[in-house]
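K.L.:
My structure is below; once you've seen it, I'll send some questions.
The values are calculated or read from the model by the stated rules, or taken from the named source; none is laboratory data. The structure presented is a predicted model; accordingly, all values stated were derived computationally and were not measured. We place every Cβ from the backbone using ideal geometry, glycine too, and count neighbours over all the protein chains shown.
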Amino acid sequence: MKNQFDPRKLNRRDFLKLGGGLLVAAAGTSLLPRWSGKVLQGVSPASAAAYQSPAPTIYRHLIGSDGWISIPMGIIMNDLGAQLGPDPLAPAGRTTYVFGFRDVTPLDGGPSKPTASTTTNPLILAQKGHVQHSAPLMYFDENDAIQITLSNLGLAVRPDLTDPHTIHWHGFRNATPLFDGVPEMSISVGRGADFPYYYHPTDPGTYMYHCHNEDVEHVQMGMDGVVFVRPAQNKTGNVAGAPVARYNGGASTAPLGYVYNDGVALSDPRSTAYDREFVIFLNEFWAQSHYDDAHIQVSDWSDFHADFYLMNGRSYPDTLAPNGGGTNMSTGDLIPPPGRPDLESQPLSSLIRCNAGDKVLLRFVNLGYTQPAMKLSGIPMHVVGKDATPLRGIGSLGLRDGADTSYYADTIYLGAGESYDAIFTAPPKTGVGYDTYLLFNNSLGALNKPGASGLGGQMTEVRVYAAGTLSKQSAPNT
Ligand SMILES: [Cu+2]
């Protein structure tokens, strides 16, 4: 493997050369300079000028390859009599060919161990053909210094297809195009290559990431998922008295976390504190294109239509199945959800469980081509953020600490590429068992008829238990 870059050895002038299309040997010794001012959230010029990004301390290793997932469907035929789904080439229990990512960090010694510059670990190389959808959920803290190495293992089903891949954090204020993943103005990772991306997030919020190489195809084929950034306030509390978050060692009475550096007390209506959090990633699959890529056919992407509406890579009722995940350290494979070997490559559950009175954060992300109308039936949602920006007007120093522009809604419309942060307070419940509230795409075409393709579509359940029933949440979507 080749194409190594050391992000610690590039200086500003080198980046400008790279931006001009000249790929030059990096000679400087400075760390990443942060010369780009933020647009939506202000930063003082003095602090920006003095700033140098730190060397990475968190290491993640993603592979790009292909694989097979399972979507509940009947038999889907096209006009020419081909069976698109389940794809006749699919292994037992699977229906649909995908491109995608896998997080192989556990096979590389974990997130604190620097990733090898060349991938030789046979367990990692064996993950060619074993990607997941949606893409691995990633989350970091504000001011983390992160290196994510992308290794392109090639496609098991399509050895003729030599496509590169990239990582693009959509909506992320990146200091340089080099790590932005847009192939026309940066670098793509060719088959057999490893490339370390560097990130230093300074703006908390909910983002998405995807491969940007031939992105109409690669995003549709499944190379997309969620990345979010937790605010510095989690570690420090704030001057208004909001405590350190439980994620960062706060008291058992403290919130699990905050969505943004809100700067207000817990009792303030502008507070973004929450007790549980769930990512809801939305997209749609077009059956013909997935069949075409598996069967060495070319798709006319202008013919796109949605056959399967997916939530965290699954279709209801699979959205309710438990989380899979974790890595089998002897094979390198994902560990399937209990009782659901067919969902091995779709590890992320959308089942939302909470206690009465909990503040529950929903991080909605849409990377589909349609406009979902996500309705939480019977519980109002407090929309506190959009596109990784708190819903506050511009106040002091250009920061988003001004007037409260948050609002309540029972339905959130998401355009393509948009994210929303919404907090609901779980309604009262006493006694045993749970009350069920539906969270679903109110564009009812996205909820297919029983037995039809993409059974159930974008729907999940919110299950509210009596206070004290469920233990405190320690990780998203659990
Ligand atoms: Cu790709």
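K.L.:
Hey, could you check segment 191-210 for residues that are within 16 Å of the ligand (Cβ to nearest atom) and small (Gly, Ala, Ser) and say which is nearest to Gly67 (Cα to Cα)?
P.N.:
Restricting attention to segment 191-210, the residues satisfying the condition of being within 16 Å of the ligand (Cβ to nearest atom) are 191-195, 197, 208-210.
Going one step further and asking which of them are small (Gly, Ala, Ser), we end up with 192-193.
Working: Gly192: 17, Ala193: 19 Å.
Restricting to residues being within 16 Å of the ligand (Cβ to nearest atom) and small (Gly, Ala, Ser), the top hit is Gly192.
K.L.:
I've got another one for you. Which residues, counting only those in segment 152-188, are within 15 Å of the ligand (Cβ to nearest atom) and outside any loop (DSSP other than H, G, I, E, B)?
P.N.:
If the condition is that a residue be within 15 Å of the ligand (Cβ to nearest atom) and outside any loop (DSSP other than H, G, I, E, B), then Asn152, His165, His168, Trp169, His170, Pro183, Glu184 are the ones that fit.
K.L.:
In this structure, does Gly241 turn out to be free of Cβ contacts under 8 Å to residues at least 24 places away in the same chain, over 18 Å from His61 (Cβ atoms) and either among the β-branched types (Val, Ile, Thr) or more than 16 Å from the ligand (Cβ to nearest atom) (or both)? Show your work before the answer.
P.N.:
Numbers: free of Cβ contacts under 8 Å to residues at least 24 places away in the same chain: no; over 18 Å from His61 (Cβ atoms): yes; either among the β-branched types (Val, Ile, Thr) or more than 16 Å from the ligand (Cβ to nearest atom) (or both): yes.
Considered against the rule, which asks whether it is free of Cβ contacts under 8 Å to residues at least 24 places away in the same chain, over 18 Å from His61 (Cβ atoms) and either among the β-branched types (Val, Ile, Thr) or more than 16 Å from the ligand (Cβ to nearest atom) (or both), Gly241 comes out as no.
A quick yes/no check of all residues on (1) under 16 Å from Leu343 (Cβ atoms); (2) surrounded by fewer than 21 Cβ atoms within 10 Å (Cβ to Cβ); (3) among the aliphatic types (A, V, I, L, M):
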| position | (1), (2), (3) |
| --- | --- |
| Leu80 | no, yes, yes |
| Pro91 | yes, yes, no |
| Pro106 | no, yes, no |
| Thr118 | no, yes, no |
| Pro122 | no, yes, no |
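K.L.:
Is it true that Ser134 is outside any loop (DSSP other than H, G, I, E, B), surrounded by 22 or more Cβ atoms within 10 Å (Cβ to Cβ), touching a residue at least 40 places away in the same chain (Cβ under 8 Å) and touching a strand residue (DSSP E or B) at 6+ places or on another chain (Cβ under 8 Å)?
P.N.:
Answer is no for this residue.
K.L.:
When the residues of segment 370-410 are filtered to those that are farther than 22 Å from Arg270 by Cβ and among the hydroxyl-bearing types (Ser, Thr, Tyr), which remaining residue is modelled with the lowest pLDDT?
P.N.:
Thr370
Yes or no, residue by residue, for (1) more than 16 Å from the ligand (Cβ to nearest atom); (2) over 22 Å from the mean Cα position of the chain (by Cα); (3) among the charged types (D, E, K, R); (4) part of a strand (DSSP E or B):
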position	(1), (2), (3), (4)
Val226	yes, no, no, yes
Asn261	yes, no, no, no
Pro269	yes, yes, no, no
Val279	yes, no, no, yes
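K.L.:
Condition first: closer than 16 Å to Glu217 by Cβ, surrounded by fewer than 21 Cβ atoms within 10 Å (Cβ to Cβ), at pLDDT below 95 and not aliphatic (A, V, I, L, M). Now tell me which residues in segment 163-191 satisfy that.
P.N.:
Matches in segment 163-191: Pro183, Glu184.
K.L.:
Taking the condition within 13 Å of the ligand (Cβ to nearest atom), part of a loop (DSSP other than H, G, I, E, B) and of a type in the set (S, T, N, Q), does Asn213 pass?
P.N.:
Working: within 13 Å of the ligand (Cβ to nearest atom): yes; part of a loop (DSSP other than H, G, I, E, B): yes; of a type in the set (S, T, N, Q): yes.
In short, yes.
K.L.:
Could you name every one of the strands (runs of 3 or more DSSP E) located completely within segment 50-124 that has at least 2 residues being at pLDDT 95 or above?
P.N.:
Details: elements: 58-69, 83-85, 96-103.
Per the criteria, 58-69, 96-103.
K.L.:
Which pairs turn up if I take residues in segment 418-443 that are without any contact (Cβ under 8 Å) to a residue 40 or more places away in the chain and look for partners that are among the aromatic types (Phe, Trp, Tyr) with beta carbon separation below 8 Å, at least 6 apart in sequence or on another chain?
P.N.:
Gly433/Tyr465
K.L.:
Report, ordered by the first and then the second residue, all pairs with beta carbons closer than 8 Å, sequence separation of six or more or different chains, a first member in segment 155-184 that is on the phi > 0 side of the Ramachandran plot, and a second member that is of a type in the set (Val, Ile, Thr) and within 10 Å of the ligand (Cβ to nearest atom).
P.N.:
Listed pairs, sorted by first residue: Gly181/Thr166; Gly181/Ile167.
K.L.:
Shifting gears a bit: For segment 245-299, what are the residues that are surrounded by fewer than 19 Cβ atoms within 10 Å (Cβ to Cβ), in contact with a Ser or Thr (Cβ under 7 Å, 6 or more places away or on another chain) and of a type in the set (Val, Ile, Thr)?
P.N.:
If the condition is that a residue be surrounded by fewer than 19 Cβ atoms within 10 Å (Cβ to Cβ), in contact with a Ser or Thr (Cβ under 7 Å, 6 or more places away or on another chain) and of a type in the set (Val, Ile, Thr), then no residue fits.
K.L.:
Restricting attention to segment 297-306, report how many residues are closer than 17 Å to Gly81 by Cα and in contact (Cβ under 8 Å) with a residue 12 or more places away in the chain.
P.N.:
Looking only at that region, the number is 1.
K.L.:
Would you point out the residue of segment 140-151, among those that are hydrophobic (A, V, I, L, M, F, W, C) and either within 12 Å of the ligand (Cβ to nearest atom) or not in a loop (DSSP other than H, G, I, E, B) (or both), that is surrounded by the most Cβ atoms within 10 Å (Cβ to Cβ)?
P.N.:
Only one residue tops the list, namely Ile148.
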